[in-house]
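One structure is given below, encoded as structure tokens.
The values are calculated or read from the model by the stated rules, or taken from the named source; none is laboratory data. None of the values given here were measured: they were computed from a predicted structure. As a convention, Cβ positions derive from the backbone with ideal geometry for all residues, glycine included, and neighbour counts pool all protein chains shown. Remember, those area values only see protein heavy atoms, side chains included, never the ligands or the DNA or RNA. Shrake-Rupley method; radii C 1.70, N 1.55, O 1.52, S 1.80 Å.
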Amino acid sequence: MSRERIISGEASSPEEESFILSLRPKLLNEYIGQRKLKDKLKVSLEAAKRRNEACEHILFYGPPGLGKTTLAHIIANEMKSRLVATSGPSLSRTGDLMGILTNLGEKDILFIDEIHRLSPTIEEFIYPAMEDFKVDFVVDKGAFAKVINIPLKRFTLIGATTRAGLLSPPLRDRFGLYYHIDFYPADELKEIVIRSAKLLEVAISDDSANEISLRSRGTPRVANRLLRRVRDFATVKGDGHIDLDIAQKALSAEGIDTIGLDNLDRKFLKVIIDYYQGGPVGIEALGATLNEEIDTLVDMVEPYLLKIGFLQRTRRGRMVSNDACKHLGVQLDQENQPNLFEE
Ligand code: ADE
């Protein structure tokens with residue numbers, strides 16, 4: 001089912017991508033939140049700079065929309081390096097990767113988004129590039145086959161993934177630095193909304209910035225997208241200023257409820273309640289009932305529901321919690337309550 005989802009962490013169009021880009025912080029000290037990550041990253045970057053070396057390979061993992069790509073660009077800016085961006089699914093041929101790698105300069109950054117989706121052949125090809133800064137290229141076939149060693153410049157690979165668990169252990173082990181990016185607390189999202197409103201030159205009241213942050217499901221990209229919709233609403237239905245009344249009306253019109261859930265989140269929870277008595281139910285069955293891709297559910301719906309305790313993943317499948325039922329105004333049989341002691 002393809003439909004734009006306002007609270008999705010993914011960018012939905014090139015036009016939206018450029019809007020998000022215009023709000024993206026360029027340097028670490030403009031970046032709001034993730035303090036521990038920033039502190040550790042600052043040390044690693046400073047150390048690499050002082051030694052005049054490329055930084056170690058870095059892996060960012062966490063749900064979509066939390067800033068993995070933004071951080072990769074910030075690292076390039078901080079290190080004054082060139083960044084070449086690609087993604088796991090688009091690297092299908094070793095020849096393409098070969099071209100990218102051999103064109104990298106000293107301390108350049110190669111950013112691979114969705115790195116868990118690299119094919120096994122490409123993965124094998126990337127190991128010596130990461131470890132020894134060389135690639136092994138096979139020329140000719142059969143008895144005439146020869147392996148040619150091509151040296152590379154010392155570059156930094158930055159990988160981003162929503163699912164660290166899907167990375168093969170040999171690939172994971174070749175990263176020197178791992179950073180988990182978690183959902184942002186509302187006060188940090190509020191700061192992000194205020195910063196973005198300033199960049200967009202739109203007046204916003206403190207309580208409406210707060211309202212947007214509470215409905216952004218811990219995700220800066222969602223916060224910026226909601227701000228955009230609220231700004232449109234203020235232009236058309238008001239005098240251009242964003243106040244609480246305008247913000248609430250605009251967000252409700254988008255189907256975003258008071259805690260930031262949208263139609264798909266509510267449908268997901270309701271299906272577990274109505275069709276599977278609250279669970280446990282397997283993700284495949286849910287995907288089929290909802291007519292949604294499993295990856296969409298796992299990457300874009302479940303993480304936040306798990307985070308706020310509306311959903312539990314047990315060995316036997318997904319289960320909704322009492323809090324979720326309360327929020328939706330429905331009741332479950334007691335015997336179907338999730339067992340918190342299960343894995
Ligand atoms: N825009 C998106 N994410 C941001 C962040 N973490 N800090 C500042 N602005 C942002």
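Observations on the model:
- Test: residue 198 is of a type outside the set (A, V, I, L, M, F, W, C) and open to solvent by less than 50 Å² (accessible area, probe 1.4 Å): no
- Every pair of residues 6+ apart whose Cβ atoms lie under 6 Å, when the first sits in the stretch 27-50 and is away from the ligand (no atom under 11 Å from the Cβ) while the second is modelled with pLDDT under 95 and open to solvent by less than 30 Å² (accessible area, probe 1.4 Å): none
- Single residue of the stretch 91-119 satisfying the filter (in a helix (DSSP H, G or I) and free of Cβ contacts under 8 Å to residues at least 24 places away in the same chain) that is farthest from residue 48 (Cα to Cα): 95
- Residue 46, sole failed condition from (1) open to solvent by less than 70 Å² (accessible area, probe 1.4 Å); (2) under 27 Å from residue 22 (Cα atoms); (3) of a type in the set (Asp, Glu): (1)
Conditions (1) in the same structural domain as residue 204 (by TED's automatic domain parsing); (2) within 16 Å of the ligand (Cβ to nearest atom), marked per residue:
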| site | (1), (2) |
| --- | --- |
| 221 | yes, yes |
| 224 | yes, yes |
| 236 | yes, no |
| 239 | yes, no |
| 246 | yes, no |
| 249 | yes, no |
| 258 | no, no |
| 268 | no, no |
| 276 | no, no |
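- Test: residue 231 is touching a residue at least 40 places away in the same chain (Cβ under 8 Å), surrounded by 16 or more Cβ atoms within 10 Å (Cβ to Cβ) and not assigned by TED's automatic domain parsing to the domain that holds residue 312: no
- Unique residue being over 18 Å from residue 325 (Cβ atoms), touching a residue at least 40 places away in the same chain (Cβ under 8 Å) and under 28 Å from the mean Cα position of the chain (by Cα) when the list is 294, 242: 242
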